[in-house]
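A quick write-up on the structure given underneath.
The values are calculated or read from the model by the stated rules, or taken from the named source; none is laboratory data. Keep in mind the model is a prediction, meaning the values are calculated, not measured. Cβ atoms come from the backbone with ideal geometry, glycine included; neighbour counts cover every protein chain shown. The accessibility values were calculated without ligands, DNA or RNA, using every heavy atom of the protein model including side chains. Shrake-Rupley method; radii C 1.70, N 1.55, O 1.52, S 1.80 Å.
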Amino acid sequence: MSQSKGESGKSVRYPGIPTTADGAETVVWVETHITQSACTYPITSSSKMGEGYNLAVSNGMENLWGDTLLFLEPESEHSAATACEGFAVAGGRTTTFTSGQGLVLMKEVLYTISGKGLPIVFHIGARALTSQSLNVHAGHDDVMAVADCGWGMVFGMNGQASGDLAAITRRAAEDCGRPFMNVQDGFLTTHTVESVMLAEKELLKEFIGSPSERLTSLFDPYNPIMTGTVQNQDSYMKGKIAQRAYYDEMMPALKSAMAEWGELTGREYDVVEPYRMEDAEYALVGMGSMMETAMATADYLRDEQGKKVGVVHISSFRPFPGPEVVEALKNVKAFAVLERMDNPIAQSNPLTAEIKSSFADALTGHEGYPEIDSIPVIYSGSAGLGSRDIRPGDLIGTYSHMWNNGKQRYFVLGIKHALAIEAPFDPDIRPAGTFSMRGHSVGGFGSVTTNKVIASFLGELGWNVQAYPKYGSEKKGLPTTYFLSVANEQIRTHCEMNHVEFVPLNDVNAFQYGNPLGGLQEDGMLFIQSVKTDPAEVWAAIPADSQEVIRKRNIRVFALNTVKIAREIAPTADLEMRMQGIVLAGIFLRVSPIVEAANATKEDLFSRVEDALRKWFGKRGETVVQANVQAVSRGYEEVFEIPAAIITPPQETEVA
């Protein structure tokens, strides 16, 4: 299946380099190998991409053709876009990374870049705009605000797609001479660590080609042209309409690049990506990470309830694939378009409006469209604004609304509102055998980094992983939650984990401000950070109602003073707080069945752990790396379990 790294069943020349990375890192991997420069200004959530590129420049990295990379950070996003324009006009291959209002601030320059036919690729961490309050999380407001600027726009569902589409859009842009945006959901994709296949250097060199051979300098005095002119009534319109001939080449160029990438790698993409639509009667349609959750939900409904449901992911919003959308959806009874934004005064939200127009063209016999004699019932919903959680139950509720012939055509998901569709139930749609962890910690404790470290070495052991924190605008010292899932197959649920097997509590106050046992499965495991060394005292400190839940679910309880260990081994005082999170990695290794299932020896295990720690902390020096290794080792050796006899005393067992 497109963008899901599924095996095509055939031998390919470039299967990829297996590793763990987030969406930002997969983009940086591609761009630092094929471009000559990045001109960017930091803004959440795209900053990580710029930081990664800047680090490569600081290390003196050269691209695949021996050009030393350049990095420019001007005074604003507008200036960054202008710098990219100048670099491209001079025949250079460049990029930028931006989000939210940063992208909107570029809008004036986006028009001029497309008008000059400069084949640039910009990478967007899609983010909600400040139309209600400031929000740094995922929304499609920003990209829709610039959808009229003449740029191609593609959306990836996961980190794998973000990296692959970085190469695909570059190839397409340079083939057709038009700019593209490679869009991924801010934080939900940019910062989610997953098992991915990075593109081989040989692949990128062959697929993209040298900038000196592919690009033309418009400032070459030996081949002069006129650009940036001022035109009056007699000329402007002729030039503007003449651009249509060039834009007509965008769709063929994008499709061609996707097809060739699929042949080379086995990772297939298309401008419209139907999933289980062959006999579908109802479908969900959308762009970005929520659609991968929808695919897993569709599988559940088919397998468990026999419902004929499907999903259509629109990977290309510009150029818009109207005929392909109609072809994918023409046979269903109804479909619902889900969008990460809301424009209440428009005819419909942007994607819904495009799809309605496409069906109108098809119904009226527009050339190039499939012949249809009716239009399915079209529903439209807003979901996931500002990274509001989109759960399988929400998607099931949407399908149910359609097959029950719901009269309400516009709806919202995930909040309490008069227009909301409620989730009838919220099933566990993880792959069979998945082991998930939901940690409760405090910002600054190092738990988020630990989560990524654990994901890294589990990936090295051959597992499919997905790790992400619930990022917030809050700073150090406030509660934070993070998630990790490990499975034998790809994990497609991009939502908070409500079904988990392990809950570590680095924050001793977690019982007071929430329900850390919520969703912890039968026979699950709980770790508690505690200064106490007597198991009975650790147990006594747990609230009575939580003790009862632990007994009923047969939950095993572990404890350790991670703060004390961090204080004893941290090489500098400023690392003490962060290293208590690293101790958790050792605890995870000790209690998790995942490690045992991998049949790895302790020596091999800690060798992989050291490799992962070096990846994250190597730049801080060998002393810091070894201190982190020791932290993991002590967590592994010193964690202790509360005996069952303390949790359920003998007399209680007899009474039961």
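Overall shape: oblate for region 262-356, with the ratio a/c of the largest to smallest alpha carbon gyration tensor axis at 1.5 or above and b/c at least equal to a/b. Round to the nearest 10 and report in Å² the accessible area of Thr572, as given by a 1.4 Å probe over the protein chains' heavy atoms. Its heavy atoms expose roughly 60 Å² to the probe. Distance from the Cα centroid of region 573-615 to that of region 114-136 is 38 Å (rounded to whole angstrom). Considering only region 439-553, what is the antiparallel percent among its DSSP beta bridges, to the nearest 5? Here the share of antiparallel DSSP bridges comes out near 60 percent. For a test of the definition: using alpha carbon positions, the gyration tensor, and the 1.5 limit on a/c, classify region 127-213 as rounded, prolate or oblate. In terms of gyration-tensor shape, oblate. Label separation (Lys470 vs Glu263): 4.8 nm, computed from points 7 Å beyond Cα along the C-beta direction. Across the accessible surface of region 205-342, with the other protein chains kept in place and a 1.4 Å probe, carbon and sulfur atoms take up 48 percent. At an R0 of 25 angstrom, the distance between the Cβ atoms of Asp426 and Val549 translates into a FRET efficiency of 0.85. The value of relative contact order for region 62-174, using C-alpha pairs under 8 Å at least six residues apart, is 22 percent. Per-residue surface analysis assigns Lys201 an accessible area of about 100 Å², computed on protein heavy atoms at 1.4 Å probe radius. Expressed as a whole number of Å, what is the distance separating the alpha-carbon centroids of region 470-530 and region 348-421? Region 348-421 and region 470-530 have Cα centres spaced 33 Å from each other.
Taking the 1.4 Å solvent-accessible surface of region 483-563 as the whole, the part contributed by carbon and sulfur is 45%. Tell me which aspartates and glutamates have Cα within less than 15 Å of Lys532's Cα, excluding those fewer than 8 residues away on the same chain? Qualifying aspartates and glutamates at Cα under 15 Å: Asp507, Glu638, Glu641. Within the same chain, aspartates and glutamates fewer than 8 places from Lys240 are excluded, and of the rest, those with a Cα less than 18 Å from its Cα are Glu108, Asp148, Asp248, Glu249.
Candidate cross-link partners of Lys308 among the lysines, defined by an alpha-carbon separation under 17 Å and a same-chain spacing of 8 or more, comprise Lys330, Lys333. Rolling a 1.4 Å probe across the protein heavy atoms gives the chain an accessible surface of 41 Å² per residue. Placing R0 at 51 angstrom, the Cβ-Cβ distance between Ser212 and Asp234 gives a FRET efficiency of 0.85 after rounding to 0.05. Take every pair of alpha-carbon atoms less than 8 Å apart whose residues are at least six positions apart; their mean separation over the length of region 551-656 yields a relative contact order of 43 percent.
Between Ile17 and Ser131, full extension at 0.36 nm per residue minus the direct alpha carbon distance yields a gain of 36.9 nm. Given in Å, the Rg to one decimal and the Dmax to the nearest whole number for the Cα atoms of the chain are 26.1, 97. Counting only protein heavy atoms and a probe of 1.4 Å, the accessible surface of region 90-161 is 56% carbon and sulfur. Pairs spanning more than 30 Å between alpha-carbon atoms, out of Lys116/Lys205; Lys48/Lys602; Lys255/Lys619: Lys48/Lys602; Lys255/Lys619. Counting only DSSP beta bridges with both residues in the chain, the antiparallel share comes to about 40 percent.
By the helix-only formula, in which each DSSP H run with n ≥ 4 contributes -39500 (n - 2.57) and the sum is divided by residues, the chain has a 222 nm mean residue ellipticity of -12000 deg cm²/dmol. The mean sequence separation of alpha-carbon pairs under 8 Å and at least six residues apart, normalised by the residue count of the chain, gives a relative contact order of 11 percent. Please report how far the C-alpha centroid of region 253-311 lies from that of region 225-252, rounded to the nearest whole angstrom. So the separation of the two Cα centres works out to 36 Å.
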